[in-house]
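The values are calculated or read from the model by the stated rules, or taken from the named source; none is laboratory data. Computed from a predicted model, the values in this text were never measured in an experiment. Cβ placement follows ideal geometry from the backbone for every residue including glycine, while neighbour counts extend to all protein chains displayed. When the accessible area is computed, the model is the full protein with side chains, heavy atoms only, and any ligands, DNA or RNA have been set aside. Shrake-Rupley method; radii C 1.70, N 1.55, O 1.52, S 1.80 Å.
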Amino acid sequence: MNLSATILLAFGMSMDAFAVSIGKGATLHKPKFSEALRTGLIFGAIETLTPLIGWALGMLASQFVLEWNHWIAFILLVFLGGRMMIEGLRGHHDEDETPLHRHGFWLLVTTAIATSLDAMAVGVGLAFMQVNIIATALAIGCATLVMSTLGMMIGRFIGPLLGKRAEILGGVVLIGIGVQLLWAHFAG
């Protein structure tokens, strides 16, 4: 794979994380750049690891991974999206409630895993090609770091406009990504 194909693949793999990061940024109260960078680092690290895991699995048992990865991603994304929608619909009216300034580490990790399972599937496919998997995985991780950080900062400006609807919208985006993964699997 040449450099331009690797860059296109890297940014293509980062689009799910970018969309989710916008929603995550919108649900926080004026997230700082440090929080956006933290999110980008978590998403980028996981997005670096999943193609490597997929590549290793591709070497061992590609058929099993390809048969189930879309269902795993779908279930995780629908669960996380449903949780966000429920939180958004609860309608907290308590003025004393402290606004959320940071997402929990494990919530970000779970979300990052859910959005990076497609990168694992790509890693499985890369196992059958002549590619430098380390360089490709690092490119995917770096692109995701940049796009997730950017998404959080965009979400910072969208959040005040949407209020609690931002959390509902973020949940809809997660569920939509999950449905799109299933659709792509069964349509393709």
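Kindly rank 50-60, 121-131 from highest to lowest mean number of other beta carbons found within 10 Å of each residue.
For the peptides 50-60, 121-131, the packing ranking is 50-60, 121-131.
Here the Karplus curve 6.51 cos²θ - 1.76 cosθ + 1.60, taken at θ = phi - 60°, turns the phi angles of segment 122-128 into couplings of 4, x, 4, x, 5, 5, 9 Hz, with x standing for Gly and Pro.
Just to confirm the number: angle between the C-alpha axis of helix 165-187 and the first principal axis of the chain, 0 to 90 degrees, nearest 10? It works out to around 20 degrees.
Per residue, the chain exposes 52 Å² of accessible surface when a 1.4 Å probe is rolled over the protein heavy atoms with every protein chain present. Charge tally around His29: other residues with Cβ under 10 Å, Lys/Arg +1 each, Asp/Glu -1 each, net +3.
Counting GluC sites (Glu not before Pro) as exposed when in a DSSP loop with at most 14 other beta carbons within 10 Å, what is the longest stretch of the chain free of them?
Within the chain, the longest run free of exposed GluC sites (Glu not before Pro) spans 1-94.
Between the helical axis of 133-162 and the longest alpha-carbon principal axis of the chain there is an angle of about 20 degrees. Against the main long axis of the alpha-carbon atoms of the chain, helix 33-89 sits at an angle near 10°. Charge tally around Thr149: other residues with Cβ under 10 Å, Lys/Arg +1 each, Asp/Glu -1 each, net 0.
Within the accessible surface of the chain, defined with a 1.4 Å probe on protein heavy atoms only, the carbon and sulfur portion equals 72 percent.
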